[in-house]
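Inspection log for the structure reproduced underneath, given as structure tokens.
The values are calculated or read from the model by the stated rules, or taken from the named source; none is laboratory data. No experiment lies behind these values; they were computed from the predicted model shown. Backbone-built Cβ (ideal geometry, glycine too); neighbour counts: all protein chains shown. Heavy atoms of the whole protein, side chains included, go into the accessibility calculation; ligands, DNA and RNA do not. Shrake-Rupley method; radii C 1.70, N 1.55, O 1.52, S 1.80 Å.
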Amino acid sequence: MLFFFFNDPEGPNLVVVVGLALAVYFLSAIAYIFSPFKVNGIKRLSVVICMQILSVIALYFCMK
């Protein structure tokens, strides 16, 4: 969704797209790898999904 909201007539720059995709990926990977060991299954997955959503929202407002 973040890349949809870029207001650029030529489309977003490939470097920006790759950089932001890597940022979202690494933030969610950190949330998945370093989550407490008692959290497993659907709870762990939901934490990672929420982390991705929150990081996209934060990056959107930072890029604006």
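With all protein chains present, calculate the accessible area of LEU45 using a 1.4 Å probe and round the result to the nearest 10 Å².
Ignoring ligands and nucleic acids, LEU45 comes out at about 90 Å².
I need the trypsin sites (Lys or Arg not before Pro) found in the range 28-57, filtered to DSSP loop residues with at most 16 other beta carbons within 10 Å of theirs.
Answer by residue number: LYS38.
For a quick check of understanding: with a 1.4 angstrom probe and all protein chains in place, what accessible area in square angstrom does MET51 have, to the nearest ten?
70
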